[in-house]
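Structure record follows, encoded as structure tokens.
The values are calculated or read from the model by the stated rules, or taken from the named source; none is laboratory data. Not measured: the values here are computed from a predicted model. Positions of Cβ are backbone-derived with ideal geometry, glycine not excepted, and every protein chain shown enters the neighbour counts. We work out accessible area using only protein heavy atoms, side chains counted, and drop any ligands, DNA or RNA first. Shrake-Rupley method; radii C 1.70, N 1.55, O 1.52, S 1.80 Å.
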Amino acid sequence: MRGKIVIAAGLLLALAGCGKGGTPSGDAAGCELQVFAAASMQESLEQIVENYRETAPDVTVLLNLDSSGTLKTQIAEGAACDVFISAAQKQMDQLDLTADEAANPDGLDFIDPATRIDLLENKVVLAVPNGNPKGIASFEEIAEKAEMISLGNNDVPVGQYSEEILTNLGVLEALQTDGKITYGSNVKEVTTQVSEGIVDCGIVYATDASSAGLEIVDEADRGQCRQVIYPAAVLKDSQHSEEARAFLAYLQSEEAAEVFEGIGFFPLG
């Protein structure tokens with residue numbers, strides 16, 4: 001019964017239609033929620049949004065999917081957003097005034113902290129092209145066997161997790177010096193480079209590797225990489241705050257959990 005009680009009140013408001021500031025107005029045509037989410041959530045959120053239409057037919061959920069760093073910048077620059085889901089705490093903290101000052105040095109105040117939750121956990125994995133031409137079996141073998149590896153840029157979570165793993169293995173600097181790293185602006189670009197055999201391996205999320213049908217040869221453990229948590233929150237200046245809260249509650253429901261688990265996420269809470 002997880003999520004059933006939590007979502008009930010919010011869904012009643014969502015079904016009533018959106019109004020500015022979250023006040024139900026009955027104007028169904030104007031009820032659009034802007035959801036900014038990490039690119040690694042594409043497959044799961046597209047299915048969840050489709051399912052949500054049955055629960056809240058008067059609410060249109062519009063997805064903006066990109067790297068968490070890009071989305072954070074868009075929000076900070078004034079882009080209209082109702083719900084933000086990041087692939088790491090860092091980008092959420094940078095928009096949350098209640099976060100530690102070191103995490104939010106600019107004092108940005110965009111997140112409603114009362115709505116902030118840890119929604120999902122993902123895993124960071126090493127994926128290889130079809131047939132694994134270089135025979136790479138683990139993170140430890142990258143430096144020896146890979147001629148080219150794909151990572152996310154270091155301003156996006158998957159890139160930050162990747163550099164953490166390679167730094168802990170003591171091989172990041174050598175790979176950079178030898179020109180063995182190519183970068184993607186988000187995890188989908190890294191996945192594509194691996195799928196097309198442009199690189200010998202790539203570090204991606206388990207969910208993306210699974211969706212793309214890639215072979216996973218290793219999974220980062222806690223000694224190599226910190227836990228990959230996806231926080232979510234409603235924005236303070238959301239024009240549809242009640243409906244945004246209802247959608248965020250739905251993301252914690254059993255129905256949504258089934259979709260997330262089918263893609264390879266681990267729902268929290």
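For every residue, the table says whether it meets (1) on the phi > 0 side of the Ramachandran plot; (2) buried (at least 19 other Cβ atoms within 10 Å of the Cβ).
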| site | (1), (2) |
| --- | --- |
| G131 | yes, no |
| E140 | no, no |
| Q160 | no, yes |
| E164 | no, no |
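For Q160, the conditions (1) in a loop (DSSP other than H, G, I, E, B); (2) modelled with pLDDT under 95 are fulfilled apart from (1).
So, in the stretch 194-217, exactly how many residues are in a helix (DSSP H, G or I) and open to solvent by 30 Å² or more (accessible area, probe 1.4 Å)? Result for the stretch 194-217: 3. The numbered conditions (1) out of contact with any Ser or Thr (no Cβ under 6 Å at 6 or more places or on another chain); (2) at pLDDT 95 or above are all true for G69 except (2). With respect to the stated conditions, V156 fails to be open to solvent by 20 Å² or more (accessible area, probe 1.4 Å) and in contact with a helix residue (DSSP H, G or I) (Cβ under 6 Å, 6 or more places away or on another chain).
Of everything in the stretch 226-251 that is within 15 Å of the chain's Cα centre (by Cα) and open to solvent by 10 Å² or more (accessible area, probe 1.4 Å), the residue that is modelled with the lowest pLDDT is Q227. Taking the stretch 170-193 as the range and being under 25 Å from the mean Cα position of the chain (by Cα) and either in a loop (DSSP other than H, G, I, E, B) or basic (K, R) (or both) as the test, the residues that pass are S185, N186, K188. Residue pairs whose Cβ atoms lie under 6 Å apart, sitting 6 or more positions apart in sequence or on different chains, and linking a residue in the stretch 120-143 that is of a type in the set (K, R) to a partner that is in a strand (DSSP E or B) and surrounded by fewer than 23 Cβ atoms within 10 Å (Cβ to Cβ), are K123/E219.
Being touching a residue at least 40 places away in the same chain (Cβ under 8 Å) and surrounded by fewer than 19 Cβ atoms within 10 Å (Cβ to Cβ) is true of G223. Restricting the stretch 48-98 to residues that are without any contact (Cβ under 8 Å) to a residue 12 or more places away in the chain and under 19 Å from the mean Cα position of the chain (by Cα), the residue that is most open to solvent (accessible area, probe 1.4 Å) is E50. Only residues that are open to solvent by 40 Å² or more (accessible area, probe 1.4 Å), in contact (Cβ under 8 Å) with a residue 12 or more places away in the chain and of a type outside the set (D, E, K, R) were counted in the stretch 166-181, giving 3.
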